[in-house]
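The values are calculated or read from the model by the stated rules, or taken from the named source; none is laboratory data. Not measured: the values here are computed from a predicted model. Here the Cβ is made from the backbone with ideal geometry for all residues, glycine too, and neighbour counts use every protein chain on show.
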Amino acid sequence: MKKTIDLRQVRLVLCIAAMASIFSTREASAQTTDTVYFNAKWEKTDRDNKHFYRAISREGNNRPIRVQDFYPNGVKQMDGWYSSLEPEVRDGDFTWWHEDGIKHRQMTFDKGEPTKITEWDKEGKITRQQEAVKTVSHINGERVRDRKALEKAPVFNRGKSSFPDYVTRHLEYPAAAEGISGEVVVRFVVDKNGRTRDAEVVQSVHKVLDDTALDLINSLPQWTPGVLDGKNVDIKMELPLRFNR
């Protein structure tokens, strides 16, 4: 018996194949990788004279850019994320390795600012560990935000609960506020003994909300204090508390 071909099935198969090809092309074009070559002094050069080389991966406009640098032997030298390459703005986690593949440094950047660093020796022992925390001070009556480099930032001691989780669970809207909404900002100190003290409102909404915010801060459990140069230190912190009704 002579077999017949269902043209509708053929058209369907061709249509599926065409769509798969389109999606595959789009996926391939969504991410691009460029290679840049450097000499031993990290000056740009051509492929024939390269020492280091760099792979730059982009997934589209306004997306983080991944940069990976490699030693001549192909071992990764650096892996990190940029928000811009012209100018260079590091924004995210970075890791560096020795030529033998042993990790020796990790850093975190926030829009170009280093916020955390950890370094190791060849045996894997930590030789440096610092973290920058946001601090607030007043100069000539003006509130100034800054970062202070610490070996260890204050740690909130409440089991597995993070500080924001604790605040969410314990901050209650006071009935006496009668529908008032707004953001109260409280500045306080976590001292070298881990106690919370010197809480004060630096952005007020209403006395009832201000007092509620202060009550929460003053009732916080003990922290593990911040460390600088191997010593416990007092750290000023600032917390915005949002009240909605």
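Is one or more of the residues making up the stretch 31-47 outside any loop (DSSP other than H, G, I, E, B), closer than 17 Å to Gly92 by Cβ and in the same structural domain as Arg90 (by TED's automatic domain parsing)?
No, every residue in the stretch 31-47 fails to be outside any loop (DSSP other than H, G, I, E, B), closer than 17 Å to Gly92 by Cβ and in the same structural domain as Arg90 (by TED's automatic domain parsing).
For Arg66, only one of the following conditions fails: (1) surrounded by fewer than 16 Cβ atoms within 10 Å (Cβ to Cβ); (2) assigned to a strand (DSSP E or B). What is its number?
(1)
Can you tell me which of Ser162, Ser137, Ser204 is modelled with pLDDT under 90, assigned by TED's automatic domain parsing to the domain that holds Val233 and not basic (Lys, Arg)?
So the residue among Ser162, Ser137, Ser204 that is modelled with pLDDT under 90, assigned by TED's automatic domain parsing to the domain that holds Val233 and not basic (Lys, Arg) is Ser162.
Output yes when any residue across the stretch 81-93 is modelled with pLDDT of 50 or more, among the small types (Gly, Ala, Ser) and not in a strand (DSSP E or B), and no when none is.
Within the stretch 81-93, none of the residues are modelled with pLDDT of 50 or more, among the small types (Gly, Ala, Ser) and not in a strand (DSSP E or B).
Considering only residues that are under 26 Å from the mean Cα position of the chain (by Cα) and of a type in the set (Gly, Ala, Ser), look in the stretch 191-230 and name the one that is surrounded by the most Cβ atoms within 10 Å (Cβ to Cβ).
Checked the stretch 191-230; the qualifying residue surrounded by the most Cβ atoms within 10 Å (Cβ to Cβ) is Gly226.
Out of all the residues in the stretch 84-99, which are under 12 Å from Pro64 (Cβ atoms) and polar (S, T, N, Q)?
Listed by number, the list holds a single entry, Ser84.
Answer yes or no as to whether Thr108 is modelled with pLDDT under 90 and surrounded by 15 or more Cβ atoms within 10 Å (Cβ to Cβ).
For Thr108, the condition - modelled with pLDDT under 90 and surrounded by 15 or more Cβ atoms within 10 Å (Cβ to Cβ) - is not met.
Would you point out the residue of the stretch 111-127, among those that are closer than 14 Å to Gly92 by Cα and in a loop (DSSP other than H, G, I, E, B), that is modelled with the highest pLDDT?
Residue satisfying both the conditions and the ranking: Lys111.
Can you confirm whether Asp198 is in contact with a strand residue (DSSP E or B) (Cβ under 9 Å, 6 or more places away or on another chain), charged (D, E, K, R), over 30 Å from Trp97 (Cα atoms) and at pLDDT 70 or above?
It is true that Asp198 is in contact with a strand residue (DSSP E or B) (Cβ under 9 Å, 6 or more places away or on another chain), charged (D, E, K, R), over 30 Å from Trp97 (Cα atoms) and at pLDDT 70 or above.
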